[in-house]
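No value in this document is a laboratory result; all are computed from the given coordinates. All values reported here derive from a predicted model rather than from experimental measurement. Cβ placement follows ideal geometry from the backbone for every residue including glycine, while neighbour counts extend to all protein chains displayed.
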Amino acid sequence: MSVLVIAEHNNKKLNALTGNVITAAAKIDADVHILVAGNDCSAVAESSAEYDGVSKVLLADKPSHEHHLPESLGPLVIELATNYTAILLAASTTGKNLAPRVAALLDVAQISDIVAVEAADTFVRPVYAGNALATVQSNDSIKIITVRTSAFDETASGNTKAPIEYVDFALEQDSSRFVSENLAVSERPELAAASIVISGGRGLGSAENFQILEKLADKLGAAIGASRAAVDAGYVGNDLQVGQTGKIVAPDLYIAVGISGAIQHLAGMKDSKVIVAINSDADAPIFQVADYGLVADLFQVLPEIDALLS
Amino acid sequence: MKILVPVKRVIDANIKVRVSADNSAVDLNNVKMSMNPFCEIAVEEAVRLKEKGIASEIVAITIGDEKSQEQLRTAMALGVDRSIWIEQAGNIEPLSIAKLLKAVVDKESPDLVILGKQSIDGDNNQVGQMLAALCNMPQGTFAYKLEIEDGRAIVSREIDGGEQVVSLALPAVVTTDLRLNEPRYAKLPDIMKAKKKPIDHLTPADLGIEISSSLKTLSVKEPAGRSAGVIVNSAQELIDKLRNEAKVIS
């Protein structure tokens, strides 16, 4: 039996997070298939086929799959599910939207947000906002799993080419209609996949001051993040929020600027490899998790850092 | 329009959780319990729809032991009309919860089910989607805005990298995200009035649902802690350390 990974993409380009999910899938079973469901998305199938260890790509290319609505994709996945012992998705908003719908229709449990594969039926997942790690064993014949992608490396690609098989299945439905989408356009790397993240908190004081971070981010090739306090204060959009209720990131370098370090925020970044904290308050809890702390006025040191990086 | 709002009693969001000594679970003895924050947002949204004259009745429902009725009283103090308590001690899996809720949906025929996107204990983020699947209803997850227009729910959703709007035929399931609203506090007279509102008592057997389990928790552990590192004295020293010691920038 094989395992199936549902690719994440925007119909034109494969999202690199899919490669992290494949790494988790390969720990369950060496025979990994990928499902690319979308509209006019054959380019995505082509790039999916290049991941190491992938033996087959299933391409479900239909107008009704364009917006990845779970009402339309759920029946498709159910149709394919009996061929697999596990179906894995990224624990992204798309994966979280679809996976439980599939699990319920198959009458099996879902295992959310795994950070480790202990055995083909045993997984580790954070609970209570990462304050505890539960090891769970599933006795379902098909395991539906979402993967915390920051906990797994991306699978290498470019060495092989798996065959692409067409899946002719579409269910027309009108109960859920796509209306519109508004995606932030950015030249910077995506927050969840960036190797360096620089985040700002309430200490930045205004939306304008976030531009100081943006300059630094461009020099470092970093993604921009924010604490919930900065989002609530309206400095940046909700999509940049790092934390329990926002994005969970684990980059090689995380720089927290003007962030006090509420539990809420720490839950979203404490697995980063190296953490830097810059804050004028020496007692800020962020310093308790930082590898390097700098107690200073951020408006003074950020220009210095900027100059040092030039 | 009738709205069903499932709510959950969980460890209070401000409490630091501790793992039990035998690593079997999180210790819930003598710990403050509250309504799950995302459920509070669901209750608030339903109450606002009633205040706008869109909803005519709001029914809250919870699954839990005797004490979970406290959260139903809280919901009724905030404006919910009546409640259903399904008595079931201990933790049950999201799929069983969804099956119990489906049985109630079949009885009550709501036009809208609004519930939190996840509970802050299990962090599963599954029940709403599972309920929608079992009821064959459309779903609007992670909602930050909800409008009812021409018999459809227009749900604006938080998605990775931005926002998405979907239009759902009713009846539908909506799960709440943080920005949807800011829940109110219950007023004392409303708390008193809520004591007189009815709570229906049901068991899984009454609903014809057998609670099953396919996941076994082998252990619950504290994550490896992170210890504080060094305090550097200048931007120069910081950049030196990042370049030469941590080697994370070039």
Quiz prompt | Reciprocal mean inverse distance between Cα atoms of the stretch B:2-220 - Kirkwood radius, Å | solution = 17.7 Å
Exercise. At 0.36 nm per residue, minus the direct Cα-Cα distance, what do B:VAL230 and B:ALA186 gain on full extension? Give it in nm, one decimal, please.
Key: 11.2 nm
Self-check item: Value at 222 nm in deg cm²/dmol, rounded to 500, when DSSP H runs of n ≥ 4 in chain A each add -39,500 (n - 2.57)
Solution: -7500 deg cm²/dmol
Quiz item: Any idea what the dipole of the stretch B:2-220 comes to, in debye rounded to 20, about its Cα centre with Lys/Arg Cβ at +1 and Asp/Glu Cβ at -1?
Solution: 500 debye
Exercise. Quick one: check the C-alpha center-to-center distance for the stretch B:1-75 versus the stretch A:120-174, whole angstrom.
Key: 29 Å
Practice problem: Just tell me which lysines come within less than 18 Å, Cα to Cα, of A:LYS12; anything on the same chain fewer than 8 places away is out. | Solution: A:LYS62
Exercise. Give me a single rounded figure for A:166-177: the average over its residues of other chain Cβ atoms within 10 Å of their Cβ.
Key: 3
Self-check item: 23 Å Cα-Cα threshold exceeded, pairs from A:LYS27/B:LYS247; B:LYS52/B:LYS195; B:LYS52/B:LYS145; A:LYS96/B:LYS8; A:LYS270/B:LYS247; B:LYS50/B:LYS197
Solution: A:LYS27/B:LYS247; B:LYS52/B:LYS195
Exercise. Using Cα centres only, tell me the gap between the stretch B:88-137 and the stretch A:290-306 in whole Å.
Key: 47 Å
Quiz item: Can you list, largest first and rounded to whole Å, the semi-axes you get for the protein assembly as shown by taking the square root of 5 times each eigenvalue of its Cα gyration tensor?
Solution: 37, 30, 23
Practice problem: Specify the inter-centroid distance of the stretch A:229-259 and the stretch B:142-200, based on alpha-carbon positions, in whole Å. | Solution: 25 Å
Exercise. For peptide A:237-249, compute the average count of partner chain beta-carbon atoms within 10 Å of each residue's beta-carbon.
Key: 3
Self-check item: Net dipole in debye of the stretch B:93-250 [+1 Lys, Arg Cβ; -1 Asp, Glu Cβ; about Cα centre; nearest 20]
Solution: 400 debye
Self-check item: 3J(HN,Hα) from dihedral phi, the stretch B:73-80, Karplus parametrisation 6.51/-1.76/1.60, rounded to Hz, x for glycine, proline
Solution: 4, 4, 4, 6, 5, 8, x, 5
Quiz item: Label A:SER55 and B:LEU28 with points 7 Å out from Cα along Cα→Cβ: what is the distance between them in nm?
Solution: 4.3 nm
Exercise. Kindly provide the GluC sites (Glu not before Pro) of the stretch A:171-205 that DSSP labels as loop, not H, G, I, E or B, and whose Cβ sees at most 10 other Cβ atoms within 10 Å.
Key: A:GLU172, A:GLU187
Quiz item: Of all the Cα-Cα pairs you can form in chain A, what percent are over 31 Å apart?
Solution: 35 percent
Exercise. Report, by chain and number, residues whose modeled amide H sits under 5 Å from the one on A:ILE34, excluding near sequence neighbours (fewer than 5 apart, same chain).
Key: A:VAL5, A:LYS56, A:VAL57, A:LEU58
Quiz item: Ordered by packing density, taken as the mean number of other Cβ atoms within 10 Å over each peptide's residues, highest first, how do A:104-115, A:119-130 rank?
Solution: A:104-115, A:119-130
Quiz item: With each label point set 7 Å from Cα along the Cα-Cβ vector, what nm distance links B:ALA169 and A:GLU154?
Solution: 4.1 nm
Self-check item: Potential extension, A:ALA233-A:ASN139 segment - 0.36 nm per residue separation minus Cα distance
Solution: 29.3 nm
Quiz prompt | Backbone HN-Hα couplings from phi across the stretch A:102-111 [Karplus 6.51/-1.76/1.60, Hz, Gly and Pro as x] | solution = 5, 4, 5, 5, 8, 6, 10, 6, 10, 10
Quiz prompt | Built amide H within the under 5 Å cut-off of B:ILE231, gap 5+ | solution = A:GLY293
Quiz item: Based on the Cβ-Cβ distance of A:ALA120 and B:ALA246, what FRET efficiency does E = 1/(1 + (r/R0)^6) give at R0 = 41 Å, to the nearest 0.05?
Solution: 0.70
Self-check item: Fewest-first ranking of B:TYR185, A:TYR51, using other Cβ atoms within 10 Å as the exposure measure
Solution: B:TYR185, A:TYR51
Self-check item: All aspartates and glutamates inside 19 Å of B:LYS216 as judged from Cα atoms, apart from same-chain residues fewer than 8 positions distant
Solution: A:ASP107, A:ASP113, A:GLU118, A:ASP121, A:ASP140, B:ASP22, B:ASP27, B:GLU93, B:ASP121, B:ASP123
Exercise. Could you check the simple spin-label distance between B:LYS193 and A:LYS27, using points 7 Å along Cα→Cβ, in nm with one decimal?
Key: 5.3 nm
Quiz item: Which Cα, out of B:LEU188, B:ALA169, B:LEU95, lies furthest along the positive dipole direction of the stretch B:2-220 (beta carbon charges, K/R +1, D/E -1)?
Solution: B:LEU188
Self-check item: Whole-number percent relative contact order across chain A, with pairs defined as alpha carbons under 8 Å at least 6 apart
Solution: 15 percent
Self-check item: Gain on full stretching of the segment that runs from A:LYS215 to A:GLU66 - 0.36 nm per residue minus C-alpha separation
Solution: 50.1 nm
Exercise. Please give the peptides A:228-241, B:14-27 ranked by average Cβ packing (other Cβ atoms within 10 Å per residue), highest first, as a rough proxy for protection.
Key: A:228-241, B:14-27
Quiz item: Along the positive direction of the dipole of the stretch B:2-220 (beta-carbon charges: Lys, Arg +1; Asp, Glu -1; about the Cα centre), which of B:LEU178, B:LEU215, B:ILE199 reaches farthest?
Solution: B:ILE199
Exercise. Give the relative contact order (percent, whole number) for the stretch B:2-220; include only Cα pairs under 8 Å separated by 6+ residues.
Key: 26 percent
Quiz item: Within 10 Å of each Cβ of A:282-294, how many other protein chain Cβ atoms are there on average?
Solution: 4
Quiz item: For the stretch A:146-160, what does the Karplus curve 6.51 cos²θ - 1.76 cosθ + 1.60, with θ = phi - 60°, yield as ³J(HN,Hα) per residue in whole Hz, taken in order and with x for Gly and Pro?
Solution: 10, 10, 6, 5, 5, 8, 10, 6, 7, 5, 5, 9, x, 9, 9
Quiz item: Per the helix-only calculation at 222 nm, which mean residue ellipticity applies to chain B, given -39500 (n - 2.57) for every DSSP H run of n ≥ 4 and division by its residues, nearest 500 deg cm²/dmol?
Solution: -7000 deg cm²/dmol
Self-check item: the stretch A:178-301: Rg to Rh, with Rh as the Kirkwood radius over Cα pairs
Solution: 0.95
